[in-house]
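Here the structure is laid out as C-alpha cells; the discussion comes afterwards.
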C-alpha cells in the first residue's frame, strides 16, 4: 500500500500543503470547516507525518549552522549532501555559511568565519558544524581558537576533518595521513620509485598530514622524497597544471605524481595531455578526495576516497546526539579507501 | 592603508569578534570596561562595520530561503555562489533547501519542495528563491502551482530559470532557446549536417525550449533532425555515456552531438574515448551550462554558458529590491554565450 503523504491529504482536501501543515502544527488559524475536513482525512488514513513535519509539531527550532569554505569546490557539496540527507530525516534545516575562500575581497575568509559564528549564535541555532578554514590551519591565531571555544561553550559545535590545537572539541574526521599512505603504497606496489607529491598548502594541517603519510610510506621503502619534486601551495586545477608542467620540464622527472587533491590531479592530467605525455603509460597520476569528477575524467582518476558523504552523514548523526545531550566519542574516525581506476599503471622498465 | 576590520578591533581589544559584534549590535550585555575599550578603538580607527555587521545593527531578520534540486550537480553551487556573494554584501543569510532530486527515497522531490515552502513561511523568511524542480515542469500539477502562488502572496518569491504557467511571478532567467540556437549554429557553421541532440527530460520545459532552439536552427538551414538521433530522458554523465554509445553503434551515425547539459557532454566524451572515436577529429561534442568542469575535461568542452553566477547575482539583487518593495521587471533575461574550446571542429570531408 502506498504511504499517504501530506501531499495526498492536501490534494484530497483540495487545499495547499501549507494549509495541511498549519493544521498539523497549529501555527496559524485555518477556517474551521477546512480544518475539520483535513483532520477527518488525517484520521481516515491514520496519517503519520514524517520526521520533518513531526519536528514542526514539536516546535523545535531545528536550525543548524553549517560553515564551509567554498561550495563550488565539489568536495564540499558532497559532504553537505550526506549531512543534509541525514539531518533532514531528523527534521533539521540549516543555514549555509560559505566563507568563499577563493573569492577576492577585502574581507578575508577567517573574518567571515568570525562573523558567521557570531551571527549563528544570535540566530540561536541548535548546533554548528564547521568544515575547512581556520580548523585546517596548523597554527591558527589564538584569537581564532578562542572564538570557537567561546561558541562551543554555548552551543554544540562539531569540527569536520580539521581540529584546533589544545581545544577538546568534538570531531568527525577522515584519517588524512592514512589516505596518503594508501596512495603512496599503491604507486610503490606498481614499481614506482620516482614519485612527486604536489598540491596543498604548507600552512594547512591537512597538507602536513598528507605529506607525512607520503614521506613515511617512502621511507618504509628506503626511499627519500626529492625536494624539487615536492611542489606546494595550491589546491586548484590551475595549480595542478602549473606544478605538473614544471615537473615535466625537469630532468630527471618523476614516473608518478601523488596529487594532494583531485582538482590538482585533474590539472596534472591536463598538463600531461598538453605535453603529449600519456597517462598512465608514461606517467601515473593519483588524486585524493574522490570527488564525483574523479570518475569522469579521461582517463578515470585513481584516487583515495575521503568518504565525503559518510563524513556528512556522521556529522548530522553526531550533532543530533550532542544537541540531545547524549554521549558521543570525542573523535569519530572515518577510514579512507583507495579507489583504483585508470590513471595509474606499472612503471615502465627503463622509463 | 589597510582597512581596519572587526578582526583587528577584536585583536587589539583582546576580546573575541563575537564580543565586538555584541557591542556593535547591542544585542547582549558586555562588561562596561570592555565595551568602553572596544568603543574607543572603533572611534580611534573610525571603524566602518561592513554590510553584514550593519544589517545586524539594523536588526533585520535578513533570512532568505533558497530551494534547489541538487547541490552536487555543479551548475547549482555556481548559481548559489553568485547569489551568496551578492546577498552577503547586503547582510542576508539563507537557508539552503536541497530537495535531492537524484536521491532515492519514498518522499519525492516535489513533496520535499512543498515541505520546504511551508517551513520557510513558518520561519518567516524575508524572501524565497526557487531554482529547478516543479518550476521546470512543462505541466506541473495545479496543486503545485497553487502552493507557490499562495506563498508568493505572503512573501517575495523569485523563480530562477523556470516558470509556472498562468502565474505572473517574478523571474530571472537565461534564454534557454537562444542558448540551443547558438550551440546548433556553431555546429552548422563548422559544416556539420548530421547532428544529434541528446539529454534532458521530455517533461521539462527547459528541455523543450532547448530542443525547440535546436530544431529551429536546423530548419533554418533546411535540415530536419533525425528522430533516432534525439535521445532524451537523462541529465547525468551516465546518461551521456549511454546515449552516445547508442549513437556510435548506429549506421549512419552523426558527426556532431549537441548535449543538453555539460554532464551529458562529459559522458559523451567518455563514450567516444571508450569506442576509440577521436574528439573533435571524428566527432564534435558541444555541451550546455558551462560548469567549471567543462574547462577541465580533455579535450576541453565547447559549450554554451548559462551565466550561472550572473543569474545568482541578479537573483540576490532582484529579491533585495522586492523585499524593499521596490519596482522590478517581471522577467530579467540573461543572454547565454557560446564558449568555444576544443571539443568541436570542422566536419571531415566524406566523414
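Observations, loosely collected:
- C-alpha center-to-center spacing [the range A:289-333, the range A:77-138] in angstrom: 16 Å
- Cβ-Cβ FRET estimate between residue A:246 and residue A:175, R0 fixed at 25 Å, reported to 0.05: 0.25
- Across the range B:176-306, the relative contact order, built from alpha-carbon pairs under 8 Å that are at least six residues apart, equals 26 percent.
- Taking the longest Cα principal axis of chain B as reference, the axis of helix B:32-44 is set at about 60 degrees.
- Degrees between helix A:75-89 axis and first principal axis of chain A (Cα, 0 to 90, nearest 10): 30 degrees
- Here the range B:176-306 carries DSSP beta bridges of which approximately 10% are antiparallel, counting only pairs with both residues inside.
- Gap separating the Cα centres of the range B:261-278 and the range A:140-199, nearest whole Å: 36 Å
- Of all chain A residues, the closest to the A-onto-B rotation axis by Cβ, with that distance in whole Å, is A:96, 2.
- Cα gyration tensor category, rounded, prolate or oblate, for the range A:6-49 with a/c compared to 1.5: rounded
- Copy-to-copy label separations for residue B:249, where each label sits 7 Å from Cα toward Cβ, in nm and ascending: 4.7
- With the label put 7 angstrom out from Cα along the Cα-to-Cβ vector, residue A:226 ends up 5.1 nm from the copy partners, going from closest to farthest.
- Segment residue B:346-residue B:154, length gained on full extension (0.36 nm per residue, minus Cα span): 63.7 nm
- Chain A: angle of helix A:262-274 to the longest principal axis, Cα-based, in degrees nearest 10: 40 degrees
- Using every pair of separate Cα atoms, the Kirkwood estimate puts the hydrodynamic radius of chain B at 22.5 angstrom.
- Rough spin-label spacing in nm, given labels placed 7 Å along Cα→Cβ, for residue B:223 and residue A:273: 2.4 nm
- Principal axis extents of the Cα atoms in the range B:123-193, from largest to smallest and rounded to whole angstrom, are 55, 25, 18.
- When residue B:329 is represented by a point 7 angstrom out along its Cα-to-C-beta vector, the spacings to that point in the other copies are 5.7 nm, nearest first.
Every read-out reported here was derived from the displayed coordinates using simple, explicitly stated rules and does not represent laboratory data. Predicted model, so just to flag it, every value in this text is computed and none were measured. Note that we place each Cβ from the backbone using ideal geometry, even for glycine, and neighbour counts take in every protein chain shown.
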